[in-house]
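Trainee: My questions all concern the structure below.
Read-outs: derived from the displayed coordinates by stated rules, not from any lab. Quick caveat, the model's predicted, so the values are computed rather than measured. Here the Cβ positions follow ideal geometry from the backbone for every residue, glycine too, while neighbour counts run over all protein chains shown.
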Amino acid sequence: MLSMCDDKIDFDRKENNHYIVKLSDMKKAIKFLKESENYNFLLDITAVDYSKYKENHSKRFAIIYLLKNKDFDNLVILKAYLNEDEIIDSITDLYKSANWAEREVWDQYGLKFKNHPNLKRILNHKEFMGHPLRKDYPTTKGQLCTKTDDLMDEMVPKLKAKGYENHEDLMFLNLGPAHPASHGTIRNFVALEGETIISAVSEIGYLHRGFEKSCENHTYNQIIPYTDRLNYCSAILNNIAFAHTVEGMLGVELPERGQFIRVIIGELSRIIDHLVCLAANLVDMGALTNYWYLYNPRETAYTLLSKLTGARLTNSYMRIGGMTHDLYDGFEEDLKECIKDVEKGMDDSLSLIEHNRIFQDRSQNIGIVSGDDAINRGFSGPNLRASGVNYDVRKNNPYYFYDTFDFDVALGSVGDVYDRMMVRFEEIRQSIKIINQAMKKLPDGEINVSNHAISFPKKQNVYSNIEGLMNQFKLVMEGVKVPKGEYYRSIEAANGELGFYIISDGSGTPYKVKVRPPCFYAMSALGDMIEGEMIADAVLDLGSLNIIAGELDR
Amino acid sequence: MAVTGEEAIFGDSVITTKLDSAIAWARESSMWPYIFGTACCAIEFMSVASSKFDISRFGAEVVRFSPRQADLLIIAGTVSYKQAPILKRIYDQMTEPKWVVSAGACACSGGFYDNYTTLQGIDRIIPVDVYISGCPPRPEAFLEGLMQIQKLQAKPSKYLEKRSKRDFKGLLDA
């Protein structure tokens, strides 16, 4: 397929499923893929600092692009090696999603891009010195921030492009970072004419907690609790995404029962994630009653999850190669109870809003994102499907027997706030359908991979014989040894395609972990989405994208 | 003991007390919290506010998002260095008597985010009255924290006066 390309670009050199391209050819290669091969979905851009890697690389850094084609069934990873002083061609003119992704690479690794519209820090603050994901940056070296960015460097060019040379008549307003409608700590800076937003820019990074740096000094299983706190509304789906990726690197597959449990608990997490999104979105609209109807079923789910995992919110239920323990006796009845509550809450809420004129007027034709635009901006999950694009990792790239379950993909037609909300309502119904089927088919047997190098031995063995004790000791102290390699795998999380790009040097600690956070790309579109709308609509737009700061800023 | 004074005249319809106690009672029964919710703990706070745990039983359901109208600052979630000046500004805008609850491991000590971006405890920026442990704390723990603040509030006005003059110097106080 790739041989059709301009012969100057050497696509044949492959290394771990990565196409190695010369840095100077990279943009040409991506352009070729986009224009001739329909790779119009840019998943992610990241970089690696090889300075502490066991094997020497001729150049210190590498830049990595992950692209998917228009049928979303083929992933291409392009990689170029470079040194600090080499400059990368920006691809922001090809993909809008590249804008923030390139800024992140600059912020975290200090690699420069040519022709980027505004290459500045995104996750770290303005006064930060150095680039934290470089291997020579000390993990715990914090830097005090004393002032906030006024964001005029982004706002003024945007206003100029709209013909506002002089902006004395405009009113500037900060929505966030501490604002009731900002759902966490996100800042939107808007220029207003009356109540209409003329131009808007967003600033993120207020909840940047150094997830990726922390991963580099923890073993694979120690990272599981950190993944809980990415999208904390559906913690277990993050656990699954991470464990699934590492299992892919190890080349192991869970026993059937383990996979089914992951489906059941994963879908339950998706349901409670959508519930919190919808509840909050409706509160923003002034429909407070819906909040009680939709949020209270979450309490039933919490009770079930704390019975199962010991925690309400941050469950850490999964492990590399399985999970902590099997379902408890009576789980099925509790689950039924829980689903009944969810259905009731949803029915109650829908009966209030579905045919409600106020709700429809406030949500329809607000914050429209067309299908093509959504792909170009890197949307995924419910936000992408609301724009009518039929992409669901569970269907396009099935894992865990998802191809054997009977469920539909909910699609919107307009791509407005209404569609994004209704897609989520429908997805809850579909998830319930999947759970019911999975509970019926749930096989008996083991839940963990039976491999001493991956799963913990039974406690009985640890306490009664030396082999078991040593096995446990080695796994705790050194971690699961993952074969050397660079690997990307993703699942359909509540917010969209949640992927992990992991580089292992063969030890029990990852050399690098990069999350592909669905929120990050959705958030980068918000500034453009809300232009021309009213402030009250901007609040709904933000809520309907379901931005979770933990995942956005990592 | 014989009833004297106003109570003898008006019977059960009047209770005499000290002004101090009356004000403290009013304050503790209607705290207006400002939720500085940044992360996972804020989701647990949503549970505290909703039907099952119901913070309104403690008179603190009027969640204000203006620091000038709030007397209780609940920091629920991780505070990064980038967020620190914002937190300080919000704290400074609150009027006395003001109370601060640090909820969850991250706000108390940085939690397991011991790295370049996370503030290792908000008490490096602003003074804290009550710390709540947990990652995130259970809703019951939030309520326990609130009750402890109410106890502090019930102390005599001399205590409040002394407290408002306390000498705190955080990282961002020049």
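Trainee: Quick one: Debye curve from the C-alpha atoms of the range B:28-156, no solvent, what's log10 I(q)/I(0) at q = 0.12 Å⁻¹?
Mentor: Cα-only, vacuum Debye calculation for the range B:28-156: -0.39.
Trainee: Now for a separate question. How far, in nm, would the chain grow between residue A:306 and residue A:289 when pulled straight, counting 0.36 nm per residue and subtracting the alpha carbon separation? If you can, show how the numbers build up before the last one.
Mentor: Working: separation 17, 0.36 × 17 = 6.12 nm, distance 2.63 nm.
Gain on extension, residue A:306 to residue A:289, equals 3.5 nm.
Trainee: Give the separation of the Cα centroids, the range A:46-65 to the range A:136-170, in Å.
Mentor: 31 Å
Trainee: I've got another one for you. Please give, to one decimal in nm, the separation of the simple spin-label points placed at residue A:442 and residue A:35, each 7 Å out from Cα toward the Cβ.
Mentor: Spacing of the two 7 Å Cα→Cβ label points: 5.4 nm.
Trainee: Okay, next question. For chain A, what is the relative contact order in percent, using Cα pairs closer than 8 Å and at least 6 residues apart in sequence? Each step should come with its number before you reach the end.
Mentor: Values: 1045 pairs, mean separation 94.1, N = 554.
So the answer I get is 17 percent.
Trainee: On average, how many beta carbons from a partner chain sit within 10 Å of the beta carbon of a residue in A:135-148? Kindly include the intermediate steps, with their values, before the conclusion.
Mentor: Working: counts 0, 0, 1, 2, 3, 6, 2, 11, 4, 8, 10, 7, 1, 5.
Mean shielding count: 4.
Trainee: Given a cut-off of under 8 Å on Cα pairs at least six residues apart, what relative contact order in percent is computed for the range B:28-156? Working shown, then result.
Mentor: Details: 254 pairs, mean separation 34.5, N = 129.
Value for the range B:28-156: 27 percent.
Trainee: Something else about it: Relative contact order for the range A:2-114: what is it in percent, counting Cα pairs under 8 Å that are at least 6 residues apart? Mind dumping the intermediate values first?
Mentor: Working: 183 pairs, mean separation 27.6, N = 113.
Relative contact order of the range A:2-114: 24 percent.
Trainee: Moving on. Quote to one decimal, in nm, the extra length available between residue A:352 and residue A:86 on full extension: 0.36 nm per residue of separation minus the C-alpha distance between them.
Mentor: Details: separation 266, 0.36 × 266 = 95.76 nm, distance 5.82 nm.
So the extension gain works out to 89.9 nm.
Trainee: Related question: Nearest 0.05, what FRET efficiency do residue A:162 and residue A:24 give at R0 = 45 Å with Cβ-Cβ as r? Working shown, then result.
Mentor: Details: r = 35 Å, r/R0 = 0.79.
After rounding to 0.05, the efficiency reads 0.80.
Trainee: Which order do peptides A:266-278, A:95-107, A:119-131 fall in by mean Cβ count within 10 Å, highest first? Walk me through the numbers on the way to the answer.
Mentor: Values: A:266-278: 26.2, A:95-107: 22.9, A:119-131: 17.9.
Most protected by this proxy first, the peptides run A:266-278, A:95-107, A:119-131.
Trainee: Hey, another quick one. Grab the DSSP H runs of chain A that are 4 residues or longer, score each as -39,500 (n - 2.57), total them, divide by all residues and round the 222 nm result to the nearest 500 deg cm²/dmol. Walk me through the numbers on the way to the answer.
Mentor: Working: 19 runs with 231 residues, N = 554.
After summing the helix terms and dividing by the residues of chain A, the value is -13000 deg cm²/dmol.
Trainee: Label residue A:343 and residue B:154 with points 7 Å out from Cα along Cα→Cβ: what is the distance between them in nm?
Mentor: About 4.8 nm, to one decimal.
Trainee: Given a Förster radius of 56 Å and the C-beta distance between residue A:253 and residue A:141 as r, what FRET efficiency does 1/(1 + (r/R0)^6) yield to the nearest 0.05? Can you show the working numbers first?
Mentor: Details: r = 41 Å, r/R0 = 0.73.
With R0 = 56 Å, the Cβ-Cβ based efficiency is 0.85.
Trainee: Using a simple charge model, +1 on the beta-carbon of Lys and Arg, -1 on the beta-carbon of Asp and Glu, nothing else, what dipole does the protein assembly as shown show about its Cα centre, in debye to the nearest 20? Don't skip to the end; give the middle numbers.
Mentor: Numbers: 85 positive and 99 negative charges, 410 e Å.
About 1980 debye.
Trainee: Next up: Using 11 Å as the cut-off for backbone N distance, which residues of the range B:105-127 belong to the label zone defined by a point 7 Å from the Cα of residue A:217 along Cα→Cβ?
Mentor: Output list for this probe position: B:114-116.
Trainee: Turning to a different aspect of this structure: Filter the trypsin sites (Lys or Arg not before Pro) in the range B:4-106 down to the DSSP loop ones having no more than 11 other Cβ atoms within 10 Å, then list what survives. All intermediate terms of the calculation are to be shown ahead of the outcome.
Mentor: Details: sites: B:18, B:27, B:52, B:57, B:64, B:68, B:82, B:88, B:89, B:98; in loops: B:18, B:52, B:64, B:82, B:98.
When the trypsin sites (Lys or Arg not before Pro) of the range B:4-106 are filtered for loop state and at most 11 Cβ neighbours within 10 Å, B:18 remain.
Trainee: Placing +1 at every Lys and Arg Cβ and -1 at every Asp and Glu Cβ, with all other atoms neutral, what dipole size does chain B have around its Cα centre, in debye to the nearest 20?
Mentor: Its charge dipole is roughly 540 debye.
Trainee: Mind checking the mean number of beta-carbon atoms from other chains within 10 Å of the Cβ atoms in A:544-550? Don't skip to the end; give the middle numbers.
Mentor: Values: counts 0, 0, 0, 0, 3, 7, 6.
Mean number of neighbouring Cβ atoms from other chains: 2.
Trainee: Of the chymotrypsin sites (Phe, Trp or Tyr not before Pro) in the range B:16-46, which ones lie in a loop per DSSP and count no more than 14 other C-beta atoms within 10 Å?
Mentor: Values: sites: B:25, B:34, B:36, B:45; in loops: none.
Qualifying residues, ordered by number: none.
Trainee: Could I have the simple spin-label model distance between residue A:484 and residue A:326, label points 7 Å from Cα toward Cβ, reported in nm to one decimal?
Mentor: 4.0 nm
Trainee: Along each of the three principal axes of the Cα atoms of the range A:2-114, give the extent in whole Å, ordering the values from largest to smallest.
Mentor: 37, 29, 24
Trainee: Moving to a separate point now. Identify, among A:501, A:155, A:367, the residue whose Cα sits farthest towards the positive end of the charge dipole of chain A, taking +1 on the Cβ of Lys and Arg and -1 on the Cβ of Asp and Glu, with the dipole about the Cα centre.
Mentor: The residue sitting farthest along the positive end of the dipole is A:501.
Trainee: About the Cα centre of the range A:308-405, what is the dipole size in debye to 20, counting +1 per Lys and Arg Cβ and -1 per Asp and Glu Cβ, all else neutral?
Mentor: On the way: 11 positive and 16 negative charges, 96 e Å.
Dipole magnitude for the range A:308-405 comes out near 460 debye.
Trainee: Compute the separation of the alpha-carbon centres of the range B:1-69 and the range A:407-464 and state it in Å as a whole number.
Mentor: When both Cα centres are located, 44 Å separates them.
Trainee: Which order do the peptides A:238-245, B:130-137 take when ranked by the mean count of other beta-carbon atoms within 10 Å per residue, highest first?
Mentor: Values: A:238-245: 26.1, B:130-137: 20.8.
Final packing ranking: A:238-245, B:130-137.
Trainee: Given the -39500 (n - 2.57) contribution per DSSP H run of 4+ residues, what per-residue ellipticity at 222 nm results for chain B, rounded to the nearest 500 deg cm²/dmol?
Mentor: Numbers: 7 runs with 65 residues, N = 174.
Using -39500 (n - 2.57) per qualifying helix, the result is -10500 deg cm²/dmol.
Trainee: Measure nothing but the geometry: give the 0 to 90° angle between the long axis through the Cα atoms of B:19-29 and the longest principal axis through the Cα atoms of chain B, rounded to 10°.
Mentor: Once rounded, one gets 50 degrees.
Trainee: How high is the FRET efficiency from residue B:12 to residue A:364, r the C-beta distance, R0 41 Å, rounded to 0.05?
Mentor: Values: r = 59 Å, r/R0 = 1.44.
My answer for the efficiency is 0.10.
Trainee: In µm²/s, what is D for the protein assembly as shown at 4 °C and 1.567 mPa s, where D = kT/(6 pi eta Rh) by Stokes-Einstein and Rh is the Kirkwood radius from Cα pairs?
Mentor: Value of D from the Cα-based Kirkwood radius: 48 µm²/s.
Trainee: Here is a further query. Using a 10 Å cut-off around each Cβ of peptide A:204-216, what is the average number of partner chain Cβ atoms that fall inside?
Mentor: Average per residue, whole number: 6.
Trainee: Moving on to the next point. In whole Å, what is the distance between the alpha-carbon centres of the range A:281-337 and the range A:185-247?
Mentor: Here the answer is 21 Å between Cα centres.
Trainee: Looking at the range A:421-486, which GluC sites (Glu not before Pro) are in a loop (DSSP not H, G, I, E or B) and have at most 15 other Cβ atoms within 10 Å? Don't skip to the end; give the middle numbers.
Mentor: Working: sites: A:426, A:427, A:446, A:467, A:478, A:486; in loops: A:446.
Loop-located and lightly packed - A:446.
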